[in-house]
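The values are calculated or read from the model by the stated rules, or taken from the named source; none is laboratory data. The shown structure was predicted, so the numbers you read here are calculated from the model rather than taken from an experiment. Here the Cβ positions follow ideal geometry from the backbone for every residue, glycine too, while neighbour counts run over all protein chains shown. Ligands, DNA and RNA are excluded from the accessible area calculation, which covers all protein heavy atoms including side chains. Shrake-Rupley method; radii C 1.70, N 1.55, O 1.52, S 1.80 Å.
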Amino acid sequence: QVQLVESGGGLVQPGNSLRLSCAASERTFTIMGWFRQAPGKEREFVAACDWKSGNTYYTSSMRGRFTISRDNAKNTVYLQMNSLKPEDTAVYYCAAARGGVYVYTSALYNYWGQGIQVTVSS
């Protein structure tokens, strides 16, 4: 059972940056991704990374502001978030999948972190 532990969330002013981290207890996955859920809204895909190929995937609205990266040695994936907006406020979840291609759908993912709050407010 892979355990995912997120860190790096918090309160940030609009326009500023934040970097989330997600450390996995073991590497039995091929894809790691980030989702988010704002109050009253459904969970939505943010970004994902194919661990083998290094290919990255983004929701179009976040491409250019958010960057996903990984550290193989640490089994850790990062989400660098720049130019943050109040509408980015949400609980962000790290997720890992043993395999598959539909990286944009939450059903692909086998393991989930507990979630971490990101609040963008002045």
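Quick one: which residue in 11, 20 is in contact (Cβ under 8 Å) with a residue 12 or more places away in the chain, out of contact with any helix residue (DSSP H, G or I) (no Cβ under 9 Å at 6 or more places or on another chain), among the aliphatic types (A, V, I, L, M) and surrounded by fewer than 16 Cβ atoms within 10 Å (Cβ to Cβ)?
Of 11, 20, the one residue that is in contact (Cβ under 8 Å) with a residue 12 or more places away in the chain, out of contact with any helix residue (DSSP H, G or I) (no Cβ under 9 Å at 6 or more places or on another chain), among the aliphatic types (A, V, I, L, M) and surrounded by fewer than 16 Cβ atoms within 10 Å (Cβ to Cβ) is 11.
Only one of these is among the hydrophobic types (A, V, I, L, M, F, W, C), assigned to a loop (DSSP other than H, G, I, E, B), over 19 Å from residue 2 (Cβ atoms) and open to solvent by 20 Å² or more (accessible area, probe 1.4 Å): 91, 101. Name it. Spell out how you get there, then give the answer.
Values: 91 fails: assigned to a loop (DSSP other than H, G, I, E, B).
Checking each option against the conditions leaves just 101.
Those residues that are of a type in the set (Ser, Thr, Tyr) and at pLDDT 95 or above, I need them from segment 77-108; list them, please.
78, 83, 89, 92, 93
Which pairs do you get when a residue that is among the charged types (D, E, K, R), found in segment 92-118, comes within reach of a residue that is surrounded by 17 or more Cβ atoms within 10 Å (Cβ to Cβ), reach meaning Cβ atoms under 8 angstrom, with the pair 6+ apart or on two chains?
Taking only residues 6 or more apart or on different chains, the pairs are 98/29.
Taking the residues in segment 60-79 that are crowded, with 16+ Cβ neighbours inside 10 Å and of a type in the set (S, T, N, Q) as candidates, determine which candidate is nearest to the chain's Cα centre (by Cα). I'd like the intermediate steps shown before the answer.
The initial filter retains those residues of segment 60-79 that are crowded, with 16+ Cβ neighbours inside 10 Å, namely 62, 66-68, 70, 75-79.
From the residues that got through so far, the ones that are of a type in the set (S, T, N, Q) too are 67, 75-76.
On the way: 67: 9, 75: 14, 76: 11 Å.
Among them, the one singled out is 67.
Tally the residues that are touching a Cys at 6+ places or on another chain (Cβ under 8 Å) and under 26 Å from residue 15 (Cα atoms), restricting the search to segment 80-115. Give the steps one after another, and end with the answer.
At the first step, the residues of segment 80-115 found to be touching a Cys at 6+ places or on another chain (Cβ under 8 Å) are 94, 112-113.
Add one more test, that the residue is under 26 Å from residue 15 (Cα atoms), and what stays is 94.
Residues that pass the stated criteria total 1.
As an exercise: evaluate residue 107 against (1) open to solvent by 40 Å² or more (accessible area, probe 1.4 Å); (2) assigned to a loop (DSSP other than H, G, I, E, B) and give the number of the one condition it does not meet.
Failed condition: (2).
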